[in-house]
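Have a look at the structure below before the remarks.
The values are calculated or read from the model by the stated rules, or taken from the named source; none is laboratory data. On a predicted model such as this, the values are computed, not experimentally measured, just so you know. All Cβ positions, glycine included, derive from the backbone under ideal geometry; neighbour counts span all protein chains shown.
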Amino acid sequence: MVENSISHREFQANKERTIEDFVGINVYSTTQIEGIGGIYKNSYKDFIVKEITSEGKILEIKEDIPNYHSFEDSHNYYTTFNLIKINRDTFEIVRLLSRTLSIPIEVIYYSGLKDKHALTVQKFSIKGNYINELKKFRYKDVFIRNITPTKKPVKIGSNWGNNFTITLRNINPRQNLLLEIQEIITTLQKKGFPNYYGLQRFGTFRPNSHLVGKYILEEKFREAFEEIVINTYSTEDDKAQNIRKKLGKTLDYEKMLEKFPISLNYERILIKSIIEYPDDYEKAVKKLPPYLIKLLISSFQSYIFNKLISLRIKKGFSLFQSEKGDVISILEDEGGHLTNVRYIFGGAYDKYLKEAISLNRARIVIPLIGYDTKMEEFPLMNELLREILIEEGITRKIFENSMLVNFDFKGTFRSMIVKPIGLKLLEFGRDSVFKKKYKLKLEFSLKKGSYATMLLRELMK
């Protein structure tokens, strides 16, 4: 490793829009309407996320229905419960449960990751009978409710989606502000917004998980190591930046290991490995937990998806109208999930596909590229991908890496836009926190995998 290979990423004023550009988020669906500004997540109470089960039930924060069912066979049953967390990461909760209950991480299940800086409620399952242990569980800002035995666990993607109640604050007053807010809300209700993967997917303070995933698939393990451990970002706190810079200059891993806080757990895993096995960056990276490696690869996949949406719009193609070579997926019901029934636009069925889209029964889809994706089945996206690969300095060979097979990244597709369900303005008025400013409170639901922050950026710009 040489010092000039170490990089520092400086984002202009560390603005969220600048950081979004770095992960491929470039366009709006409401460009004709000025944004209202403001901030979100000023307090955890300003960002409430409630999981919606596959049956359509919205989990409630204070819900705690006593359940008196007993386990018939603890080996074949699961303990399922609602978990409420405040300002905590889902992975942190998984590690906490593993440590507290003395169980392996592999027997803990959840249906999706939830925002860290928020008040959230979601379903968890643990293999076996842990009813008594969970009843006694106590931890700051973590609460367990509705404990019950179930025959099956919740799994990734088994939820329908999420319900959001969000307060935007510190909005500058101006003439016709409420009318502009209502105009954006109406536009979003009718047309939707780009179904980007939000910053949470890439890292809010170090938005580089897609770069690490890319290096892993390219088998550039030294670069992956440096990106995780040493390379600095202006969005990270000064203390962490200084520690990384110092390590980059000295390469004294044994001395600097003591300086890395326990909270930088993954960095410490890599540093310990490189101390034990000098220059073996592949061994170091592969010591990361499998779920994290999978998440890093998924982030790269998400980045390419974001770039495909942005390039499509930059090329002058409509965000809402089908273009020749687009792929259209029929929905399972009005506004529902995608099905595998797909058609290429530009043929005999165009009239019917346009009608299906207008009736909210079909969506334009973009591939999430995996080892089994046949890009010729996505003609327009195939052309755009060529440009992106050249820009990124990679080839299609990257999607042939055996790790995609090992982690079951077969490839799928995702709607290009998402329409919020039940989007409504709950409150608008003076902000009690930021004097002489305004606040607004919204409620809406999104299907799983879509990001509330991508709706907020349309409002705020």
Among the numbered criteria (1) among the polar types (S, T, N, Q); (2) part of a strand (DSSP E or B); (3) out of contact with any Phe, Trp or Tyr (no Cβ under 9 Å at 6 or more places or on another chain), which single criterion is violated by Thr79? (3)
Of everything in the stretch 361-376, what is in contact with a Lys or Arg (Cβ under 8 Å, 6 or more places away or on another chain) and of a type in the set (Asp, Glu)? Give them in sequence order. Asp372
Check the stretch 317-325 and report whether any residue there is surrounded by 15 or more Cβ atoms within 10 Å (Cβ to Cβ), of a type in the set (Ser, Thr, Tyr), in a loop (DSSP other than H, G, I, E, B) and on the phi < 0 side of the Ramachandran plot. yes
What tally of residues in the stretch 390-402 results from selecting those that are assigned to a helix (DSSP H, G or I) and surrounded by fewer than 17 Cβ atoms within 10 Å (Cβ to Cβ)? 7
Limited to the stretch 202-225, what total is found for residues that are surrounded by 23 or more Cβ atoms within 10 Å (Cβ to Cβ) and either among the charged types (D, E, K, R) or on the phi > 0 side of the Ramachandran plot (or both)? 1
State all residues of the stretch 438-452 that are outside any strand (DSSP E or B) and closer than 27 Å to Asn172 by Cβ; if no residue qualifies, say none. Tyr451, Ala452
Residue among Ile61, Ile105, Ile39 that alone is touching a residue at least 12 places away in the same chain (Cβ under 8 Å) and within 30 Å of Pro290 (Cβ to Cβ): Ile105
Which helices (runs of 4 or more DSSP H) sit wholly inside the stretch 159-277 and have at least 1 residues that are out of contact with any Asp or Glu (no Cβ under 7 Å at 6 or more places or on another chain) and not assigned by TED's automatic domain parsing to the domain that holds Asn14? 177-191
So if I check each of Ser415, Ser450, Ser432, Ser445, which one is among the polar types (S, T, N, Q) and exposed (fewer than 13 other Cβ atoms within 10 Å of the Cβ)? Ser432
So for the stretch 140-152 (the condition being closer than 25 Å to Thr453 by Cβ and either touching an Asp or Glu at 6+ places or on another chain (Cβ under 7 Å) or modelled with pLDDT under 95 (or both)), does at least one residue qualify? no
Consider the stretch 418-429. How many of its residues are surrounded by fewer than 17 Cβ atoms within 10 Å (Cβ to Cβ) and of a type in the set (A, V, I, L, M, F, W, C)? 4
Which condition from (1) surrounded by 20 or more Cβ atoms within 10 Å (Cβ to Cβ); (2) part of a loop (DSSP other than H, G, I, E, B) is the one that Lys50 breaks? (2)
Do we have Lys136 as free of Cβ contacts under 8 Å to residues at least 12 places away in the same chain and not polar (S, T, N, Q) here? yes
Every residue from the stretch 391-423 that is over 24 Å from Arg342 (Cβ atoms) and β-branched (Val, Ile, Thr): Ile394, Thr395, Ile398
Given the criteria within 20 Å of Lys190 (Cα to Cα) and among the acidic types (Asp, Glu), does Asp326 qualify? no
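For the condition surrounded by fewer than 18 Cβ atoms within 10 Å (Cβ to Cβ) and either closer than 17 Å to Asn82 by Cβ or in contact (Cβ under 8 Å) with a residue 60 or more places away in the chain (or both), what is the one hit in Asn146, Asn159, Asn195?
Only one candidate passes the filter, namely Asn146.
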Does Lys15 qualify as being farther than 20 Å from Lys245 by Cβ, at pLDDT 95 or above and of a type in the set (Lys, Arg)? no
The condition from (1) within 22 Å of the chain's Cα centre (by Cα); (2) at pLDDT below 95 that Asn176 misses is numbered (1)
Is at least one residue of the stretch 427-437 touching a Gly at 6+ places or on another chain (Cβ under 9 Å) and outside any loop (DSSP other than H, G, I, E, B)? no
For residues in the stretch 278-298 being of a type in the set (D, E, K, R) and not in a loop (DSSP other than H, G, I, E, B), which is surrounded by the fewest Cβ atoms within 10 Å (Cβ to Cβ)? Lys283
Exactly one of these conditions fails for Ile262: (1) surrounded by 15 or more Cβ atoms within 10 Å (Cβ to Cβ); (2) of a type in the set (A, V, I, L, M); (3) without any contact (Cβ under 8 Å) to a residue 40 or more places away in the chain. Give me its number. (1)
Residues satisfying the stated conditions in the stretch 2-20, i.e. of a type outside the set (S, T, N, Q), exposed (fewer than 15 other Cβ atoms within 10 Å of the Cβ) and touching a helix residue (DSSP H, G or I) at 6+ places or on another chain (Cβ under 9 Å): Glu3, His8
